[in-house]
1. Taking region 67-76 only, how many residues are closer than 19 Å to M1 by Cβ, of a type outside the set (G, A, S) and surrounded by fewer than 16 Cβ atoms within 10 Å (Cβ to Cβ)?
2. Could you tell me whether any residue of region 82-99 is surrounded by 15 or more Cβ atoms within 10 Å (Cβ to Cβ), free of Cβ contacts under 8 Å to residues at least 60 places away in the same chain and not aliphatic (A, V, I, L, M)?
3. Residues in region 72-79: is at least one in a loop (DSSP other than H, G, I, E, B) and free of Cβ contacts under 8 Å to residues at least 40 places away in the same chain?
4. Residue under question is R26, and the condition is that it be of a type in the set (K, R) and loosely packed, with under 12 Cβ neighbours inside 10 Å; does it hold?
5. Tell me, please, whether a residue that is touching a strand residue (DSSP E or B) at 6+ places or on another chain (Cβ under 9 Å), part of a helix (DSSP H, G or I) and not hydrophobic (A, V, I, L, M, F, W, C) can be found in region 60-69.
6. Checking the conditions here, which among G8, G105, G22, G77 is within 18 Å of the chain's Cα centre (by Cα) and at positive phi?
7. Just for region 1-23: of the residues that are touching a residue at least 40 places away in the same chain (Cβ under 8 Å) and either exposed (fewer than 14 other Cβ atoms within 10 Å of the Cβ) or among the polar types (S, T, N, Q) (or both), which one is nearest to M56 (Cα to Cα)?
8. Which residue is farthest from V86 (Cα to Cα), if the candidates are limited to region 27-38 and must be of a type outside the set (A, V, I, L, M, F, W, C) and without any contact (Cβ under 8 Å) to a residue 12 or more places away in the chain?
Amino acid sequence: MGRIQVCGKYSPEAWEGVNAEGAASREANMHAMFESMGAEVEGYYMLPGSNYDFTMILNNADARLLAAIKKMVGPTGAVIEMTADVLMTAEEWDAVEGQNYRPPGQ
């Protein structure tokens, strides 16, 4: 499985919880949640000055894990916007074969 970076924005109500409990408490919760699904939080960061509030680097992550996040977190309204990007090392990128493509009209 791969590595995915997730960025998100908290709702105003979720921010109240983060500020009351502390961001470190939120990080510990994320570690526990993802470990229970067989993934690992490599890093959890707050993003002051960004359009997003937090980012996480997840190891052993795939589309099924992202679907689980959406199903668990989405209905709560705590995260009002999220993006997820697959991360690859330069070596992983170089190992990808990109042959046999013919552009339209050629």
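The values are calculated or read from the model by the stated rules, or taken from the named source; none is laboratory data. Computed from a predicted structure; not experimentally measured. Virtual Cβ from ideal backbone geometry, glycine too; neighbours counted across all protein chains shown.
1. Restricting attention to region 67-76, the residues satisfying the condition of being closer than 19 Å to M1 by Cβ are 67-72.
Filter again for of a type outside the set (G, A, S), leaving 69-72.
With the extra rule that they be surrounded by fewer than 16 Cβ atoms within 10 Å (Cβ to Cβ), the set shrinks to 70-72.
Count: 3.
2. No; the residues of region 82-99 include none that is surrounded by 15 or more Cβ atoms within 10 Å (Cβ to Cβ), free of Cβ contacts under 8 Å to residues at least 60 places away in the same chain and not aliphatic (A, V, I, L, M).
3. First pass over region 72-79, keeping only residues in a loop (DSSP other than H, G, I, E, B): 77-78.
Narrowing further to those that are free of Cβ contacts under 8 Å to residues at least 40 places away in the same chain: none.
There is no residue in region 72-79 that is in a loop (DSSP other than H, G, I, E, B) and free of Cβ contacts under 8 Å to residues at least 40 places away in the same chain.
4. Details: of a type in the set (K, R): yes; loosely packed, with under 12 Cβ neighbours inside 10 Å: no.
Taking the combined requirement at face value, the residue does not satisfy it.
5. no
6. Working: G8 fails: at positive phi; G105 fails: within 18 Å of the chain's Cα centre (by Cα); G22 fails: within 18 Å of the chain's Cα centre (by Cα).
Criteria check complete, one pass: G77.
7. So, considering only residues that are touching a residue at least 40 places away in the same chain (Cβ under 8 Å) and either exposed (fewer than 14 other Cβ atoms within 10 Å of the Cβ) or among the polar types (S, T, N, Q) (or both), the one nearest to M56 (Cα to Cα) is Q5.
8. Of all residues in region 27-38, those of a type outside the set (A, V, I, L, M, F, W, C) come to 27, 29, 31, 35-36, 38.
Those left that are additionally without any contact (Cβ under 8 Å) to a residue 12 or more places away in the chain: 29, 35-36.
Working: N29: 22, E35: 19, S36: 21 Å.
Out of the qualifying residues, it is N29.
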